[in-house]
Amino acid sequence: MRLRQPDMAYSLQMLRALIEAHPDRAERLTPHVEALEVSIQSQPAFCLQNVRTLFEAAHATIAPQLGIEFPSRAGFPDRMRGVIDALDFSVADHPDAATIHTHVQSLVAAINDMAVALARLSNVPNMRHGGSLDWGTLERQHATMLGGLCDSLVSFLFDVAWSRPLALDEDAQPAIFEDFADFNEWLDDVNGPVEVAGSTFRASRVLYLLDPLKHEAGRADWYTRAAAGTAEDEEAA
């Protein structure tokens, strides 16, 4: 007798638990978590971009708390590694706190390395998109594995960061819209002005104000691609 498989939606349980535990801080992650769940279940080709948004949200949120400043064109792996290296994974009041920190940091770094490997795998034709219809594919498995790693890693990093005291720097200034003029200009050129009830707005400012996580993710991706293009130009020269 074959068991009937229930029609269950894919759920990022750890990220959802994080949002429940920290509604004041994590509520804005909700639409991105929901988008990733949908992509894993029915649109696996879009999984990677949703994962990147959540990873970039972790970078942009946790790094200032830890006093980390990334170069404007720092790549995705470097940002995540910087956050992992700066976090304190020790357990309070434990005699082996330092040992725990070392092993947990190694474990988290290994999870991050697996996520990076999956992201690179997606560039192979037909692993995520492209390629012949006659070729084999790992599209579904790729999306499920990448989503599961994102669920574990991002939720854990947020949980650890939010359980530690804030790194306060009286001289530090928060990033503002005007700090990203080059990316904002590119975004405006690509999308054109936004018109609402006779008023015209810059597309970049609309995105920055309404969905800062998407703005951050797009900005990081744009800088990464720009840096890659510069490197290719230098090699060609």
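Considering only residues that are among the polar types (S, T, N, Q) and in a helix (DSSP H, G or I), which ones fall in segment 42-56? Let's see the steps before the verdict.
Within segment 42-56, the subset among the polar types (S, T, N, Q) is 42-43, 49-50, 53.
Matches in segment 42-56: Ser42, Gln49, Asn50, Thr53.
Of all residues in segment 117-150, exactly one satisfies the criterion of being open to solvent by 50 Å² or more (accessible area, probe 1.4 Å), more than 22 Å from Ala58 (Cα to Cα) and either of a type in the set (Ser, Thr, Tyr) or under 15 Å from the mean Cα position of the chain (by Cα) (or both), namely Thr137. Condition check for His101 on (1) in contact with a helix residue (DSSP H, G or I) (Cβ under 8 Å, 6 or more places away or on another chain); (2) not in a loop (DSSP other than H, G, I, E, B): one failure, at (1). Applying the condition of being small (Gly, Ala, Ser) and under 22 Å from Ser155 (Cβ atoms) to segment 98-116 and asking which residue is most open to solvent (accessible area, probe 1.4 Å) yields Ser106.
Each row is one residue, and each column tells you yes or no for (1) open to solvent by 10 Å² or more (accessible area, probe 1.4 Å); (2) small (Gly, Ala, Ser).
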residue	(1), (2)
Pro23	yes, no
Val33	no, no
Ala45	yes, yes
Phe55	no, no
Pro77	yes, no
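Residues in segment 192-210 that are open to solvent by 80 Å² or more (accessible area, probe 1.4 Å), within 25 Å of His32 (Cα to Cα) and either assigned to a helix (DSSP H, G or I) or among the acidic types (Asp, Glu) (or both): Arg205, Leu209, Leu210.
Checking each residue of segment 32-39 against the condition of being more than 17 Å from the chain's Cα centre (by Cα) and without any contact (Cβ under 8 Å) to a residue 24 or more places away in the chain gives no match.
With the requirement that a residue be within 21 Å of Asn112 (Cβ to Cβ) and either open to solvent by 80 Å² or more (accessible area, probe 1.4 Å) or not in a loop (DSSP other than H, G, I, E, B) (or both), what does segment 85-97 give you?
Of the residues in segment 85-97, the ones within 21 Å of Asn112 (Cβ to Cβ) are 85-91.
Answer for segment 85-97, where residues must be within 21 Å of Asn112 (Cβ to Cβ) and either open to solvent by 80 Å² or more (accessible area, probe 1.4 Å) or not in a loop (DSSP other than H, G, I, E, B) (or both): Asp85, Ala86.
Go through segment 157-187 and report how many residues are assigned to a helix (DSSP H, G or I), hydrophobic (A, V, I, L, M, F, W, C) and either out of contact with any helix residue (DSSP H, G or I) (no Cβ under 7 Å at 6 or more places or on another chain) or modelled with pLDDT under 80 (or both).
If we filter segment 157-187 for residues that are assigned to a helix (DSSP H, G or I), which is where we start, we get 157-162, 177-187.
Restricting the remaining residues to those that are hydrophobic (A, V, I, L, M, F, W, C) gives 157-158, 160-162, 177, 180-181, 183, 186-187.
Within this subset, residues satisfying the condition of being either out of contact with any helix residue (DSSP H, G or I) (no Cβ under 7 Å at 6 or more places or on another chain) or modelled with pLDDT under 80 (or both) are 160, 181.
Count: 2.
Can you find, within segment 57-75, the residue that is least open to solvent (accessible area, probe 1.4 Å) among those that are aliphatic (A, V, I, L, M) and part of a loop (DSSP other than H, G, I, E, B)? I'd like the intermediate steps shown before the answer.
Within segment 57-75, the first condition is being aliphatic (A, V, I, L, M), and the residues that meet it are 57-58, 60, 62-63, 66, 68, 74.
Now narrow it down to the ones that are part of a loop (DSSP other than H, G, I, E, B): 68, 74.
Details: Ile68: 39, Ala74: 11 Å².
The qualifying residue least open to solvent (accessible area, probe 1.4 Å) is Ala74.
Give Val51, Val38 a once-over and let me know the one that is within 25 Å of Glu139 (Cα to Cα), out of contact with any Pro (no Cβ under 9 Å at 6 or more places or on another chain), open to solvent by 50 Å² or more (accessible area, probe 1.4 Å) and of a type in the set (A, V, I, L, M). Write out each step before concluding.
Numbers: Val51 fails: open to solvent by 50 Å² or more (accessible area, probe 1.4 Å).
On inspection, the qualifying residue turns out to be Val38.
Evaluation of Glu69 against the conditions (1) within 16 Å of Glu216 (Cβ to Cβ); (2) in contact (Cβ under 8 Å) with a residue 12 or more places away in the chain shows that the sole unmet condition is (2).
The values are calculated or read from the model by the stated rules, or taken from the named source; none is laboratory data. Since the structure is predicted, the reported quantities are computational estimates derived from the model, not experimental observations. Note: ideal-geometry Cβ built from the backbone for every residue, glycine included; neighbour counts use all protein chains shown. With ligands, DNA and RNA removed, areas are computed over all heavy atoms of the protein, side chains included. Shrake-Rupley method; radii C 1.70, N 1.55, O 1.52, S 1.80 Å.
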